[in-house]
Structures are given as structure tokens and as C-alpha cells.
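Working notes for the structure below.
The values are calculated or read from the model by the stated rules, or taken from the named source; none is laboratory data. Note that the structure is predicted; figures quoted are calculated from it, not measured. Ideal geometry is used to build each Cβ from the backbone, glycine not excepted, and the neighbour counts take in all protein chains shown. Just the protein is used for accessible areas: all its heavy atoms, side chains included, with ligands, DNA and RNA removed. Shrake-Rupley method; radii C 1.70, N 1.55, O 1.52, S 1.80 Å.
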Amino acid sequence: MCGIVAGIAQRNVVPILLEGLKRLEYRGYDSAGLAVVSQGEIFRKRELGKVKGLEALIAADPIEGNIGIAHTRWATHGKPSTRNAHPHVSRDKVAVVHNGIIENHDHLRTALQQNGFEFTSETDTEVIVHKIAEDLQTADSLLNAVKATVATLQGAYALGVVFIDCPDTLIACRKGSPLVIGVGIGEYFIASDIAALLPVTQRFIFLEDGDIAELKIDSLVIYDENDHRVERPIVESQLKADSVDKGKYRHYMLKEIYEQAWAVSETLEGRFIDNRLQDNAFGHNAAEVFDQIKSVQILACGTSYHSGLVARYWFEKLARVPCSIEVASEFRYRNPVISPDTLVVTISQSGETADTLAALLEAKRLGVKHSLVICNAPESSLVRESDLVMMTRAGPEIGVASTKAFTTQLVALLMLIIAVGRRFALTKETEEKIVSELFSLPGNIEKVLKLDNAIELLSQRFADKHNALFLGRGTHYPIAMEGALKLKEISYIHAEAYPAGELKHGPLALIDAEMPVVTVAPNNNLLEKLKSNIQEVSARGGQLIVFMDEELAESSDENVQIVKMPSVANIISPIVYTIPLQLLSYHVAVLKGTDVDQPRNLAKSVTVE
Ligand code: G6P
């Protein structure tokens, strides 16, 4: 993972790079560093922890320069430490920032050590900078030295490179890790994500895999993976620099939870004519593709995987569409049997998750003809690699724990179920019901958000707990999984989800007063069975928190705390019941004093395996 930002300009780039790094912290925050080339020297500052530490270091002992590279790290090779922080430097001449993993770093390191290069870190990145320094001994330019170096690298990388003997040149390249060029007036920047550069430009060039770019103040030259000079289009972004502000909220996560009614409306916007979903909402040739497919295979990671799990229930129950789902990192190495007329659906907030991307490429390699991505990041790698696209329009999601991306993914999936399901067994009546329920969602989400204070009170029950169980059945089992994931991600409480029917096959042994049990119990055909499961817990002294339809809600007692949810149709209840679980984990994390938006050891966008 990690975030890269770099620039070449007529002004001092240090404040721009620092601001860019803050906007990239979602990619990792184990350490931060920055280097400039100035007066024939490299000036470098590095600090363990977040960008604010680096900022303080630079404020106390300023550095300035018109060309610089900067990095925020999510540790892979080598623990978080200052010496493992980027930029890495070779012989005081070359400096590099890197996002990705170099798989053959051991082999390269041995060869470079034999040639006299001294390593000062445990990172895979350091081989790159020494290799460039070595290649500079024979290459006639920094560009050609970097070309020679990357030809020896196996793995994934996005790089920013500077060299004291070429203070007018910044080299950028990417393979398997994202990198974008920001085009300013008389200045160029590079970054892992456009968000880093929005304060300085809204014009971007998205480098393609294998591209190497040479950036100078007044020129930009790009070579593709076959070393041909290429022109890449400049894309005007609609995003604004302040679209990633916290506004009145204490944390991004809370802001993003509260944005969900709006995000859902945005995701539905313009995709229906006279209440009928348009196939072309998924791309101009979507109808043709949907006509051909015989089944669906969903691939995703993390929270996005949970939305796919809900969709499997929907696909099969509502429309009799055969649907499988697998965690992308498993699928990619399993050599699965998959038929060419399967629609591979990837789901990803960032569109850059390395495992999901690799799983899609693997499905294509296995002969799958049609792919669709549900994604929140336009121009991301998954969007570019997929035939059909459904953008969730949740806006930038900054909190590492995904919230509005998840609920909008579910909305997008329901639309997909309509579009594909029509070709299978989805009835017109069910289609109309789904559409009307989808449009009722923003109002229902607003109602649930009104439970915030009550949920904040309940969160106190978790403050001294170390474990929690989440129970659900049917479409609400993945919602329980998502609730457990949220709690563990940001409050560091160990939480597990179970399909409530499995309780008696093991987890019941864990039940005591120290194990809160959160249950999502909407009014559906499984409610009576779920109530029996609740009794099983209560009878053993377990402490239950049950989210239940207000029309059925029973009263709370000593062991069972009931939270009354607005009465909603089955079809949308997984989306509605997600919200109190998000709020619960948020408030528990605040009580525990954790770093809600940037929980330890995690990152928002996982662009490494
Ligand atoms: C990371 C994030 C999760 C996210 C997962 C998949 O683990 O912390 O919030 O669900 O990656 O990311 P994607 O961008 O593919 O949805």
C-alpha cells in the first residue's frame, strides 16, 4: 500500500507534498517522509507515525525545494521505524518513494551488496534505489537508468525518483500500483490518488500499467510498457479539494455514516426512467452482456465481500440466478472451475485492491468473457479492467472502516439483481417492489440515524469487554459479519459473527455475562427461529442487544436489551440494519479512545497482496 506524492514546480513543493500526504494517510500511517533536491543535495526528513509528526519535524527544521518526493507508509517489509521510512536514498545521490512489493528483493539485494551497496533498512524498496544508482553508472539519463532498473523488478510498484545530478527531472512509473499525474500550470505532480493533489490541480493523467514518465517543469513524456512514446489523455476531475473535509463531525467515520441517505440517493439517481431501471446504467453494451450470462461469480475483499454475501441470497432467492461468491485472495490461487458465460462481479470501494484486481484477471485468464465492477472510485484499476461498471456515488470515503461504501454497494447490487434477474425468474411485481423500496431507503436511513443517542448509551456495555458475538440469519448473517468486522477494526474488541442457527454447534460454550451478543432480528420468515436462538443465549446468562422491528419489538429485560428499528420491507432491511451496527462500533471506539478513522495496523486501500 503506502501513499506517494511528489512534484516539480517553480515554487517550494514541501507544503504541497505535506498536504498531499495527509490526504493519502488512508493508505497507511506507520511512518512519513519527504525529500527535496536543492543546491545539489538531497535533504530528507522522516518520522515514525503520522504525517503530523513529519510536519512538526519540518516546521522545527525547515527544508525547501522545487522538486521533491514524499511518502506515507503501511509497513510490509520491515517494521514501522524511521530507518525503514521512505524516501530511501542511495549514496546521497538518488532518492525513491515506492508503493507496492518487490518480490525478488532478496536476490537483488545480494547482487547489490556484492557490488558494494550498503543497505540501511529492512525494506524491499531499498533495492530499487541502489539499483537505480547502479544503473546510473552506465545509463545516459535518469529516465534510462530507471527503465533499466524496473526491467529487473518483479512484483508491484509505483515509484517517484529524483537524482541530484538532474534537479530538473522527476521520474514516475507504475506497474500493479496506482499512480496519477497532476497537471498544473508550469508544474507537475504525481500521487497515488487524485485526492492528494486536488488543492493544486483538477487535471489528471492516469498512468497505465507499465508506463514510465519523465516530468520536467515544461515537459512531460510518457513511455508505455513496450517503450513506445505515448500520449495519455488529461481528465478533468469534478472533485473539489474540500470534498474530503470532516465538516461538523468529530470523525470522518461519523460523517460518512450520516452521509448514507444522501449517498444512496446519489447512487440511484438517473438510473431509472419511469421507475424502470435502465440496463445501460451498467454500460452501453450491458443488455447484450446480461442476455448472454448464465451465472454470477462475485469476488471481493473485506467489507465489500460482505455486500457480495448479501447479494448471493438476493440473486438466488429473488431471481433464481446461480451465484457464487469468494474472497478474492482465495479465488486467485485456487484454480477454480468457472464457465465462460459467468458474469464476474467485483465489488470494491477503492477499485485498487490488489487481490480483487488479480482475481478478476485470473477469471479472465480462465476464459470468463464478461466482467462488471461495483466501485466507488472512477478511473480506478478495476473500473478500467471491467467491461461493465456501476459506480456507487458515495463520494470519497476516508474513514478506514467502510460505511457508506457498503450501503451503496448493496444498493448497486439490488439494481444488478433487477437487471440480471429480469433475464431469469425475477417477476415484474418483485422488480417493482425492489424499485419502490430502494427509493424509500434514504428516508428509512434518516429514521435509523435518530437512534444514534440510544446506541451511544448502549455502547457503554462494551467499554470493558474483550469479546463480542454477532448473530443473524439469512441476508442478515452477512450484516452480522459486517457488524463484527466494524467492531474489531476500530475498537480492537475481538468480535465474531455466526449464523444464529450455528450457535448450538460451538459458540454457545462462550456465552456468559462477559460476552455481549448483538443480534439483528428483522421481521422476516426467520424471526421465530431467531427468537429461539435468542432464548438459548438468554437462558445461559448471556447479555443480548437485539435490533428488532418496532412493530414486533418486545420489551427489554435484565438480559435482553431491545432496540426498536423502523419497520421496513425485507428487501431493504439488510441495508437499514447495517446502520445501527456502524453507530455501535463507532461509539464503542470513541469510548475506548482508539483512533477511529485510522485504526492501528490497517489501511483503507490495500494495493498489496
Ligand atoms: C481494506 C479496508 C476495508 C475494505 C477492504 C476492501 O481492508 O480497510 O474497509 O473493505 O480493504 O477494499 P475495497 O476498496 O476493495 O472495497
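Report, please, the projected area of region 178-263 averaged over directions, based on the convex hull of its C-alpha atoms, in nm².
Averaged projected hull area, Cα only: 6.9 nm².
Using only alpha carbons, build the gyration tensor for the chain and give me the equivalent ellipsoid semi-axes, biggest first, whole Å.
Numbers: eigenvalues 400, 151, 92 Å².
Three semi-axes, in Å: 45, 27, 21.
Based on the alpha-carbon gyration tensor of region 48-190, what equivalent-ellipsoid semi-axes (square roots of 5 times the eigenvalues) come out, in whole Å, largest first?
Its equivalent ellipsoid spans semi-axes of 22, 19, 15 Å.
Mind pulling the angle between the C-alpha long axis of helix 573-592 and the longest principal axis of the chain? Nearest 10 degrees, somewhere in 0 to 90.
Once rounded, one gets 60 degrees.
Applying the Karplus parametrisation 6.51 cos²θ - 1.76 cosθ + 1.60 with θ = phi - 60° to the phi angles of region 450-464, what ³J(HN,Hα) value in whole Hz is obtained for each residue in order, glycine and proline being reported as x?
Result, rounded to whole Hz: 5, 7, 3, 5, 4, 5, 4, 4, 4, 4, 4, 5, 9, 4, 9.
Just by accessible area at a 1.4 angstrom probe, what is the order of 82, 346 from largest to smallest?
82, 346
Using a/c under 1.5 as the rounded threshold, could you call region 424-493 rounded, prolate or oblate? The axes a ≥ b ≥ c are square roots of the C-alpha gyration tensor eigenvalues, and prolate needs a/b larger than b/c, oblate otherwise.
Oblate, because a/c is 1.5 or more while a/b does not exceed b/c.
Let me know the charge dipole size of the chain about its Cα centre in debye, to the nearest 20, where only the beta-carbon of Lys, Arg (+1) and Asp, Glu (-1) is charged.
680
In sequence order, what are the phi-derived ³J(HN,Hα) couplings for region 334-340 according to the Karplus relation 6.51 cos²θ - 1.76 cosθ + 1.60 with θ = phi - 60°, rounded to whole Hz, with x for glycine and proline?
Couplings: 8, 6, x, 8, 9, 7, x Hz.
How much net charge surrounds residue 525 when only the other residues with a Cβ under 14 Å from the Cβ of residue 525 are counted, with Lys and Arg +1 and Asp and Glu -1? Write out the running numbers ahead of the final one.
Values: positive: 317, 473, 529, 531; negative: 528, 549.
Once all neighbours under 14 Å are counted, the net charge is +2.
Could you size up the charge dipole of region 158-303 around its Cα centre, putting +1 on the beta carbon of Lys and Arg and -1 on that of Asp and Glu, and report it in debye to the nearest 20?
With Lys and Arg at +1 and Asp and Glu at -1, about 620 debye.
Just the Kirkwood number for region 516-609, please: inverse of mean 1/r across all distinct Cα pairs, in Å, one decimal.
Every distinct Cα pair counted, the radius reaches 15.2 Å.
Residue 519's amide H: which non-local residues (gap 5+, or another chain) put their own amide H closer than 5 Å, with H modeled 1.01 Å from N in plane and none for Pro or chain starts?
Result for residue 519 returns 471, 545, 546, 547.
In square nanometres and to one decimal, what's the mean projected area of the convex hull around the Cα atoms of region 285-406?
Numbers: hull surface 28.3 nm².
Mean orientational projected area (region 285-406, Cα hull): 7.1 nm².
Please compute, over every Cα-Cα pair in region 16-121, the percentage with a separation greater than 19 angstrom. Don't skip to the answer; put the middle values down first.
Values: 2436 of 5565 pairs.
Within region 16-121, distances greater than 19 Å cover 44 percent of Cα pairs.
From the helices alone, meaning DSSP H stretches of at least four residues, give me the mean residue ellipticity at 222 nm for the chain, per-run term -39500 (n - 2.57), in deg cm²/dmol to the nearest 500. Show your work: numbers first, answer last.
Values: 18 runs with 209 residues, N = 609.
Helix-only estimate at 222 nm: -10500 deg cm²/dmol.
What is the extension gain from residue 464 to residue 250, computed as 0.36 nm multiplied by their sequence separation minus the C-alpha to C-alpha distance, in nm to one decimal?
On the way: separation 214, 0.36 × 214 = 77.04 nm, distance 2.28 nm.
Here the answer is 74.8 nm.
Keeping every protein chain present and rolling a 1.4 Å probe, give me the accessible area per residue for the chain in Å².
Ligands and nucleic acids excluded, the figure is 38 Å² per residue.
Based on DSSP, what percent of beta bridges with both residues in the chain are antiparallel, to the nearest 5?
Values: 63 of 106 bridges.
Taking every DSSP beta bridge within the chain, about 60 percent pair in antiparallel fashion.
Counting other C-beta atoms within 10 Å, and keeping those with at most 10, which DSSP coil GluC sites (Glu not before Pro) do you find in region 523-580?
Answer in residue order: 551, 558.
Give the residue list of trypsin sites (Lys or Arg not before Pro) in region 95-168 that are DSSP loop and have at most 16 other beta-carbon atoms within 10 angstrom.
none
Within region 236-275, list the residues whose amide N lies under 16 Å from a label point set 7 Å along Cα→Cβ of residue 436.
The answer is 274-275.
Cross-link list 447/488; 216/246; 79/364; 447/529; 255/504: which exceed 32 angstrom alpha carbon to alpha carbon?
216/246; 79/364; 255/504
What are the principal axis extents of the Cα atoms in region 1-41, in Å, biggest first?
Principal-axis extents of the Cα atoms in region 1-41, largest first: 32, 17, 13 Å.
Any idea what log10 I(q)/I(0) is at q = 0.09, 0.10, 0.14 Å⁻¹ for region 107-228, Debye with uniform C-alpha scatterers and no solvent?
-0.26, -0.32, -0.61
At 1.4 Å probe size, with the rest of the protein present, what percent of the exposed accessible area of region 504-548 is carbon and sulfur atoms?
On region 504-548, the fraction of accessible area on carbon and sulfur atoms equals 51 percent.
Residue farthest toward the positive end of the dipole of the chain, with Cβ of Lys/Arg at +1 and Asp/Glu at -1: which of 356, 57, 39?
356
Please report the accessible area of residue 353 (heavy atoms, 1.4 Å probe, ligands and nucleic acids excluded) in Å², nearest 10.
30
From the convex hull of the Cα coordinates of region 495-550, what is the mean projected area in square nanometres?
So the Cα hull casts an average projection of 3.7 nm².
Based on the Cβ-Cβ distance of residue 216 and residue 273, what FRET efficiency does E = 1/(1 + (r/R0)^6) give at R0 = 41 Å, to the nearest 0.05?
Details: r = 49 Å, r/R0 = 1.20.
E(calc), rounded to 0.05, equals 0.25.
Using only the alpha-carbon atoms, what does region 195-333 span along each of its principal axes? Please give whole angstrom values in decreasing order.
Principal axes ranked by extent give 59, 47, 38 Å for the Cα atoms.
Helix 302-319: angle to the longest alpha-carbon principal axis of the chain, degrees 0 to 90, nearest 10?
Compared with the principal axis, the helix lies near 40 degrees.
Apply the Kirkwood formula to region 328-463: the hydrodynamic radius equals the inverse of the mean of 1/r over all pairs of different alpha-carbon atoms; give it in Å with one decimal.
17.1
May I ask for the angle, rounded to the nearest 10°, between helix 125-136 and the longest principal axis of the chain, with both axes built from Cα atoms and the value confined to 0 to 90°?
30
How large is the translational diffusion coefficient of region 219-293 in µm² per second when you combine the Kirkwood radius over alpha carbon pairs with Stokes-Einstein at 25 °C and 0.890 mPa s?
Using the Kirkwood radius from Cα pairs, D works out to 142 µm²/s.
Could you work out what % of the accessible surface of region 1-124 is carbon and sulfur, using a 1.4 angstrom probe and leaving DNA, RNA and ligands out of the count?
Taking all protein chains in place, region 1-124 shows 47 percent carbon and sulfur surface.
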